[in-house]
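Here's the structure we're looking at; comments come further down.
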Amino acid sequence: ALLDQHRLDEAAASYDAALALKPDFLEAHLRLGMTFADQGRGDEAIDCFQKVLSLEPEHAEAHWILAMSQLSAVYESEADLGRCRAEFSSELTKLEHWFDAHRVTDGFKAVGALQPFWLAYQEENNRDLLRRYGSLCARLMAEWFKRQDFARSTRRDSGGPIRVGVVSQYFYDQSVWNAIIRGWFGQLDREHFSLHAFCLGDAEDQETAFAKFHATGFEQGRRELRRWVEAILDAQPDVLLYPEIGMDPMTLRLASLRLAPVQAAAWGHPETTGLPTIDYYLSAEDLEPANARGNYTEELITLPGHGCFYQHPQVDAACPDLAGFGIDPESPLLLCPGVPFKYAPQDDAILAE
């Protein structure tokens, strides 16, 4: 509970207390490692995951998380960055081989346990690395799918509006919703498109109500994988849109399956998915350089401008007490609203200038 609330120091203390009582408590070692990873204590995190594997060598989730944990939020040097990328590639190779014919059955449980999130904030072409990662995700999820007994419903008539399914955890006041999803629900022509929301989380606010009002269908809640697959297949979407793939575990598991004839991702997480099950990546002309297609495993679609319909948020217009912060109110102010880890230390000089 403390980890979910991002109270990391308290979470680590609780895990330590649990391990003092039960030194072979696998779940505590694993979650302590994830707490360390969130704190930027990468070496200690890896020690925890290796401890799990020393106690239980067949622990699939620990193998998966160990591979993903080779990546960090911040690097001290370019050489450090290169070393970690090489270690991630090496661990990914081990993971590809570890999930052999005997272990592939339970592999779906590991998919999404941790994702290579930090790659998106490295100024490198990650296509080849993520293609391997995406192929592994799709292989493990396909193995799970073929062992299910999903009913094959008769395909509906092709007439009428195009059915668009939107799969995301973020149907509330959150950056992915505000930048991308809200525009889809508010602006798409209902004569041509019907929107079916698959809301993977239980957070609700006034934006959730907005989505429900504009949706033809709205499914919501924390459900197991099978129930979400059944819900999507029952809706028979022509197109499935994933506004982000790379942050939410359930989103990744679903996106690793073929659940609609056309499947596309958008830039809620700004990186190629690497998944062979994703056909298109919806980006924007203003976000991509001339040679951008080489960065994606999907077919890149660069929509006009920023590629989305964005409305400025309503904010308090009152000016803060700048002098109270020791800031000259007459000086120009530069605002960098991104989370700090998104700015590489190598570019600090730009901010100072």
Inset, instruction - Sort out which residues of the range 253-295 are aliphatic (A, V, I, L, M) and either closer than 23 Å to Glu123 by Cα or part of a loop (DSSP other than H, G, I, E, B) (or both), and write them in order of number. - result: Leu257, Leu259, Ala260, Ala265, Ala266, Leu275, Ile278, Leu282, Ala284, Leu287, Ala290, Ala292
Inset, instruction - Would you mind telling me which numbered condition in (1) part of a helix (DSSP H, G or I); (2) in contact (Cβ under 8 Å) with a residue 12 or more places away in the chain; (3) open to solvent by 40 Å² or more (accessible area, probe 1.4 Å); (4) of a type in the set (D, E, K, R) Arg85 fails? - result: (3)
Legend entry - Candidates Glu224, Glu230, Glu204, filtered to the one that is within 21 Å of the chain's Cα centre (by Cα) and under 24 Å from Cys137 (Cβ atoms): Glu224
Inset, instruction - Kindly indicate which of Pro329, Pro313 is in contact with a helix residue (DSSP H, G or I) (Cβ under 8 Å, 6 or more places away or on another chain), surrounded by 10 or more Cβ atoms within 10 Å (Cβ to Cβ), part of a loop (DSSP other than H, G, I, E, B) and at pLDDT below 90. - result: Pro329
Inset, instruction - Kindly list the number of the only condition in (1) in contact with a strand residue (DSSP E or B) (Cβ under 7 Å, 6 or more places away or on another chain); (2) β-branched (Val, Ile, Thr); (3) in a loop (DSSP other than H, G, I, E, B) that fails for Thr302. - result: (3)
Inset, instruction - Looking only at the range 283-299, decide whether some residue is within 18 Å of Ser168 (Cα to Cα), buried (at least 16 other Cβ atoms within 10 Å of the Cβ) and at pLDDT 95 or above. - result: yes
Legend entry - Filter result for Leu114 (part of a helix (DSSP H, G or I), in contact (Cβ under 8 Å) with a residue 12 or more places away in the chain and of a type outside the set (S, T, N, Q)): no
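The values are calculated or read from the model by the stated rules, or taken from the named source; none is laboratory data. The structure presented is a predicted model; accordingly, all values stated were derived computationally and were not measured. Cβ sites come from the backbone with ideal geometry, for glycine too, and all protein chains shown count toward neighbours. The accessibility values were calculated without ligands, DNA or RNA, using every heavy atom of the protein model including side chains. Shrake-Rupley method; radii C 1.70, N 1.55, O 1.52, S 1.80 Å.
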